[in-house]
Amino acid sequence: MTASTPTASVIRPKRVLPGFGLTMGLTLTYVGIIILLPIIALVLKGAEVGPLRFLEIASAPRTLAALKLTISAAAMASVLCAVYGLLMAWVLVRYDFPGKRLLDALIDIPFALPTAVAGLTLSALFAGNGWYGAVLEPQGIKVVYTIWGVTIAMAFTSIPFVVRTVQPVLEDLDPQYEQAAATLGAFPFTAFRRIVFPAIFPAFVVGISLSFARSLGEFGAVVFIAGNLPMETEIASLLAVIRLEEYDYNGAAVIALTLLILALVLLAASNLLQARAMRYKGKRQ
Amino acid sequence: MALVIENLTRRFGATEVLRGIDLAVADRELVALLGPSGSGKTTLLKIIAGLDWPNAGSLTVADEDWLARRPQTRETGFVFQHYALFPHMRVRDNIAFGLTVQPRPRRPDAAAITARVNELLQFLQIETLADRYPAELSGGQRQRVALGRALATSPRILLLDEPFGALDAQVRRDLRRWLRHVHEASGTTTIFVTHDQEEAFELADRVVVMGAGRIEQIGRPDEIYDHPASPFVARFLGHTVELPVTLQAGRVQARGLDATALPRRALPDGPARLFLRASDITPVPAEDGRYRITDLASTGALLRVRLTESAGVEMDAEVPRRTATALAVGQAVHLRVQAGCVFVDPRSATAPPARPTVPADAPLSELKESLP
Ligand SMILES: Nc1ncnc2c1ncn2[C@@H]1O[C@H](COP(=O)(O)OP(=O)(O)O)[C@@H](O)[C@H]1O
Ligand SMILES: [Mg+2]
């Protein structure tokens, strides 16, 4: 008599797209091994130190100085990237000009170039006898071995983030919004401020936070131009390396963990900002 | 005249999208631009709004050269086919937009803007939607908001591009009546684009029929419906049946055809073409009928009758199903014609058939292809 009652498994709907188990499994494995496990190891290492000792190491003058330099330079670099990245994305999307494809390809060079090469090139250019340095130093502007050098190196490596996040959104923006704004009396700058900018804002925020996070951790491009004077132009990731070389694993872990926390806080803030900006997408439909 | 367009031409590369448009629109008039897709309706609308520019011709509003103005100062309200509501602004802010971007001296203060927006929300019957985002609205609601946004600045000319194109049939009918009401109440000179003749005829004071970048006919809806000015308009307005006929003393004659109901035409004797709507043809059973019923299909209210002539010509007639009980497949019939329009073939009317002298741009030159 059991044959007459259909079992629940017969009714269970099948997934439309096959391969969920396999693809999801591989994704989780990858994320686990390559991203999550190292972070957990780092957190454990840091936790081993204990909160008091952690604070003590983190607030040591040399560590504090390195963190301060890194954060200030990264912030300035992000501002540079924000302004110029937005400008470049705008130019690349909105205008047609000879050499546009070449310019578009150039944007990616900071990603493609080994960062050490970038660092060496920048320090050669800005050195007292370099092309830029020869012009700037007589004016009393010193770039190498100062926070400005650190900033420039960071900006160089992170500019593609802003361009490449904003560009596709700007490309997809329907010109009808701006046309509608124009017929309603909005001149181009007003239309940009009220219509275009809000549309690209979420992508813009992502671009800026990515470039900030990248600047926090940038090593290769920065160490050559920074000069690495303790208390003055020593970046946090270099200090972590120095601690490692001194076999001070706890010291290294504390600095690394501080950078990690900074990056995570930033990421959370950027997500929050995005969510607020995307409220209008609505609950329906 | 509020708006006068003369000899307006627009080319995209080698293709002429508008070929010499002449049109005058009176104050407070509601005009429909009717034409098949690709005939240049949107382009014309955009040129009026300043979102596109002509290669030649003039556009004046109250005798002022409108082409010299930028779109921001043309005082036109434009409702886009897909509304183009600003997605990140609530309904209220979308409607207020045009007021908030006015130059400082002319900009109303915040209280006045709020009052104007509230007034419009009420006028358009969308008060309950004021704090929603466009993504949270239905198509018909978006349409109303788009119209509110365009009306907020009290434009001199309102332009609507296929305002009901993206909506389902019931909403279309409701909104149509509602738009007519809005036009009467606001008195704004309005031009709207559509490819739906029913919509154009029901709403507009005057209909402008466009085909391939030209104006084919301008007139009141009934006038155009009853007297299409060209074969193009006739075909576009549903005269799907075309028959070769002979004109004699202004009367249409063809074998198997009873066209005595058609009025006399002041047209020269000779060959011509008769354009008919399927619903204006009545098959009448007759022993010696030239046409044979080859198929009958009911659409509910109507009976679609497939007719085949002895020479192989096929056509459809539509008759009210309840009155057509006598018809059967295989029956011989002749055709009684209630209404239709006749166009003289320019070849035979102007010259002997042996030596065709068709001017390249004669309005009827397209008949050449369809003649046997
Ligand atoms: N920006 C453009 N570039 C090239 N061709 C265009 C452009 N805009 C419109 N066209 C062409 O012009 C013709 C008329 O277009 P349109 O005015 O949109 O017609 P309608 O609104 O009557 O459907 C079409 O054949 C279209 O392909
Ligand atoms: Mg169109």
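Specify the residue that is nearest to ligand 1 (Cβ to nearest atom); the eligible residues are those in the stretch B:24-40 that are in contact with a strand residue (DSSP E or B) (Cβ under 9 Å, 6 or more places away or on another chain) and open to solvent by 10 Å² or more (accessible area, probe 1.4 Å).
Result: B:Gly38.
Can you confirm whether the stretch A:186-200 contains a residue that is over 30 Å from A:Gly227 (Cα atoms), touching a residue at least 24 places away in the same chain (Cβ under 8 Å) and at the interface with chain B (Cβ under 9 Å from one of its Cβ atoms)? Yes, the stretch A:186-200 has at least one match. Counting the residues of the stretch B:1-23 that are open to solvent by 50 Å² or more (accessible area, probe 1.4 Å) and within 13 Å of ligand 1 (Cβ to nearest atom) gives 7.
Scan the stretch A:62-83 and give yes if some residue there is open to solvent by 80 Å² or more (accessible area, probe 1.4 Å) and farther than 28 Å from A:Ala253 by Cα, otherwise no. Scanning the stretch A:62-83 turns up at least one residue that is open to solvent by 80 Å² or more (accessible area, probe 1.4 Å) and farther than 28 Å from A:Ala253 by Cα. If you check B:Ser138, B:Ser154 for being open to solvent by 10 Å² or more (accessible area, probe 1.4 Å), of a type in the set (S, T, N, Q) and within 16 Å of B:Ile95 (Cα to Cα), only one passes: B:Ser154. You will find that of B:Val208, B:Val193, B:Val233, the residue that is more than 13 Å from chain A (Cβ to nearest Cβ) and farther than 30 Å from B:Ala62 by Cβ is B:Val233 and no other. The set of residues in the stretch B:205-244 that are within 20 Å of B:Arg176 (Cα to Cα) and within 16 Å of ligand 1 (Cβ to nearest atom) comprises B:Val207, B:Val208, B:Val209.
Please work out which residue is surrounded by the fewest Cβ atoms within 10 Å (Cβ to Cβ), limiting yourself to the stretch B:189-198 and to residues that are within 14 Å of ligand 2 (Cβ to nearest atom) and not in a strand (DSSP E or B).
Restricting to residues being within 14 Å of ligand 2 (Cβ to nearest atom) and not in a strand (DSSP E or B), the top hit is B:Asp196.
Selection of first residues in the stretch B:289-313 that are closer than 25 Å to B:Val245 by Cβ and not assigned by TED's automatic domain parsing to the domain that holds B:Gly256 and of second residues that are assigned to a strand (DSSP E or B) and open to solvent by 60 Å² or more (accessible area, probe 1.4 Å), restricted to Cβ pairs under 9 Å at least 6 apart or on distinct chains, gives an empty result.
Set side by side, the residues B:Asp174, B:Asp93 differ, and just one is in a helix (DSSP H, G or I), within 11 Å of chain A (Cβ to nearest Cβ) and open to solvent by 20 Å² or more (accessible area, probe 1.4 Å), which is B:Asp93. With respect to (1) closer than 30 Å to A:Met278 by Cβ; (2) open to solvent by less than 40 Å² (accessible area, probe 1.4 Å); (3) more than 16 Å from ligand 1 (Cβ to nearest atom), the lone exception for B:Pro87 is condition (2).
The values are calculated or read from the model by the stated rules, or taken from the named source; none is laboratory data. Computed from a prediction, not measured in an experiment: that's the story for all the values here. Glycine gets a Cβ as well: all are built from the backbone with ideal geometry, and neighbour counts include every protein chain shown. With ligands, DNA and RNA removed, areas are computed over all heavy atoms of the protein, side chains included. Shrake-Rupley method; radii C 1.70, N 1.55, O 1.52, S 1.80 Å.
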